[in-house]
Structure formats: structure tokens, C-alpha cells
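> One structure coming up, written as C-alpha cells, with questions to follow.
The values are calculated or read from the model by the stated rules, or taken from the named source; none is laboratory data. It should be emphasised that the depicted structure is a prediction, and the values quoted were computed from it without experimental measurement. With ideal geometry, Cβ positions are generated from the backbone for all residues, glycine too; neighbour counts draw on all protein chains shown.
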Amino acid sequence: MQLCHDMLPEAKIGPTPNISLVYAASLKPEDVLASQNFNAIRNWLYLDAAVYGVYNNLVWSYLEAYDATPEVTEEDLAIMKAGKPDFIGFNYYNTATAAASDGTESEFTNHADQQSKQGVPNVFRTVDNPNLPKTEFGWGIDPMGFRATVREMYSRYRLPLLVTENGLGAYDTLTEDGKIHDTYRIKYLKDHIEQIQLAISDCVDMMGYNPWSAIDLISTHEGIKKHYGFIYVDRDEFDLKTLKRYRKDSFYWYKRVIESNGQDLSD
């Protein structure tokens with residue numbers, strides 16, 4: 001970041017991690033501590049380093065306990081502290097929920113999802129949040145958690161925030177007349193944009209919002225069957241088909257949202 005500012009003094013630069021605010025599974029103190037542990041590992045480790053030029057203390061203590069701390073010189077720390085971001089970009093899809101871990105192997109599985117890791121023995125374990133609806137791919141849908149995440153980030157770092165990814169992956173269906181009626185995507189985006197607007201009313205400095213994504217593309221985790229875009233691509237996992245593009249209902253909806261600068265969110 002320092003090099004960017006040296007080479008291009010007028011440029012703006014910032015980190016862009018995936019951020020998922022972590023709830024405690026209950027009011028039990030051990031679950032609250034577990035949620036703090038996961039928040040530190042999942043979120044604040046990256047942003048503390050990028051914004052403040054320091055390693056998060058909770059994560060560092062965990063690494064020390066396992067003799068796994070990286071070798072860091074005074075020169076390294078000076079470089080980290082010199083690189084000041086102008087803003088924080090972040091991707092948001094859902095929140096996570098953590099409970100205390102007793103360290104037993106039965107708590108964990110070998111199947112981790114990129115948005116909800118299973119846990120670290122004696123540090124935390126992730127659990128399902130029964131209060132949230134889910135996507136077809138099992139991710140929780142939490143628009144209010146979007147606002148909570150934004151508020152927490154701004155309180156911690158006091159930098160303008162830029163949403164770089166936010167969207168819904170779904171099994172879209174192309175009708176015989178070339179339509180994709182993705183009302184579920186419209187609802188998802190509408191609910192999340194409304195929460196961003198509320199965050200702005202909370203005096204959070206929001207630079208902008210970028211949905212994921214303009215066109216269907218291959219998901220590194222789920223392949224092409226997981227559609228995110230406003231534009232449908234006619235192909236599947238093994239058959240290229242026509243590769244023709246079709247505008248979904250959400251395409252026309254989001255066009256209107258942009259034209260109204262977010263004022264018209266009607267279906």
C-alpha cells in the first residue's frame with residue numbers, strides 16, 4: 001500500500017477480505033469467548049494487519065501456544081505499519097455462529113465450506129444458526145447481519161467501507177421462452193441493500209456497493225451450476241450448449257436500482 005501511495009499519490013488502495021461476523025451460539029460465557037476467538041481468526045487477523053500493521057493479539061497467542069508464530073523482524077513491522085489503507089473493501093455473503101469447543105474429534109468433520117469453517121479444537125466450533133433461512137447451497141441468509149458486520153467494522157477501523165461482493169448463488173432455470181424469473185435473487189439483494197442504507201443512517205461511511213455478479217461464472221467451490229449473475233449463461237458442468245446469454249429478471253431490476261441511485265428497490 002505504501003508503494004502504491006509513493007507511485008500514485010492520488011490513488012486509493014485498501015484490502016478486500018471476506019468478512020463474516022460471528023455470533024455466539026448462546027449467552028453462555030464460553031460461547032461468547034468462542035465467538036470472539038473465531039471473529040479474531042476469521043476477520044480481525046487480516047484487517048488488524050492491513051489497517052494497524054499489527055498481528056491480532058488473540059490469534060498471536062494461539063499461534064504461540066502451538067509454537068507456530070511466523071518470524072517477524074522489526075523491519076517487517078515497520079513496513080506493515082507504513083502501509084496505510086484509504087478504505088476497506090470486503091465481501092459479504094453470510095454470518096457465522098460459534099460455540100465452545102471441548103477439543104474432541106467428534107465435533108468436527110472433514111467437509112468444510114469456504115464460508116463456514118468447522119472450527120479449531122479448544123478454540124471454537126461453528127454451529128448452525130436456526131434463526132436464519134438458507135440458500136439452496138446451505139448458506140445462511142442474513143441481511144441484518146450485513147448491517148451488524150458493517151457497524152462492527154466501522155467502529156473498529158474508522159475507514160470508508162466498500163462492498164466488493166454480495167450476492168446469491170442459486171439453481172436458476174431457463175424457461176422455454178428464454179426467461180429467468182429469479183425473484184429470490186431480487187429479494188436477497190433488496191434486503192441487503194436496505195440494510196446498507198440503514199448502516200449509512202448509523203453514520204457508517206460507505207463508499208459503494210458491488211453485487212456479485214454481472215454474469216454467471218464458474219464458482220471455484222460449486223462449479224457453473226451455482227448461478228450468481230444478472231445474466232444467464234446457457235451451459236452446464238459438462239455441456240457447453242449454446243453459451244448464449246440471457247438477461248434475468250434481476251438484470252432489469254438492478255438496472256432500475258442503479259438508475260435511481262438505490263432509491264427504487266421495488267420488485
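> If we scan the range 233-246, do we find a residue that is in contact with a strand residue (DSSP E or B) (Cβ under 7 Å, 6 or more places away or on another chain) and in a helix (DSSP H, G or I)?
Scanning the range 233-246 turns up no residue that is in contact with a strand residue (DSSP E or B) (Cβ under 7 Å, 6 or more places away or on another chain) and in a helix (DSSP H, G or I).
> So, one more: Kindly establish whether GLY119 is modelled with pLDDT under 95, farther than 26 Å from GLN195 by Cα and surrounded by 17 or more Cβ atoms within 10 Å (Cβ to Cβ).
Criteria met by GLY119.
Per-residue answers, yes or no, for (1) in contact with a Gly (Cβ under 8 Å, 6 or more places away or on another chain); (2) surrounded by 19 or more Cβ atoms within 10 Å (Cβ to Cβ); (3) at pLDDT 95 or above:
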| position | (1), (2), (3) |
| --- | --- |
| GLY178 | no, no, yes |
| LYS187 | no, no, yes |
| ILE224 | no, no, no |
| GLU237 | yes, no, no |
| TYR246 | yes, no, yes |
| SER266 | no, no, yes |
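> For the range 176-204, how many residues are over 18 Å from the mean Cα position of the chain (by Cα) and assigned to a loop (DSSP other than H, G, I, E, B)?
Going through the range 176-204 one residue at a time, the tally reaches 9.
> Looking at THR135, THR173, THR220, which is the one that is within 16 Å of ASP249 (Cβ to Cβ), out of contact with any Pro (no Cβ under 8 Å at 6 or more places or on another chain), surrounded by fewer than 20 Cβ atoms within 10 Å (Cβ to Cβ) and β-branched (Val, Ile, Thr)?
THR173
> May I ask you to list pairs of residues, at least six apart or on different chains, whose Cβ atoms are under 7 Å apart, with the first in the range 136-154 being closer than 13 Å to ASN166 by Cα and the second being assigned to a helix (DSSP H, G or I) and polar (S, T, N, Q)?
From residues that are closer than 13 Å to ASN166 by Cα, the pairs are PRO143/GLN195; PHE146/GLN195; ARG147/GLN195.
> Still on this model: Search the range 167-187 for residues being free of Cβ contacts under 8 Å to residues at least 60 places away in the same chain and in contact with a strand residue (DSSP E or B) (Cβ under 9 Å, 6 or more places away or on another chain), and hand back the single one that is farthest from MET144 (Cα to Cα).
Per the criteria, the residue is TYR171.
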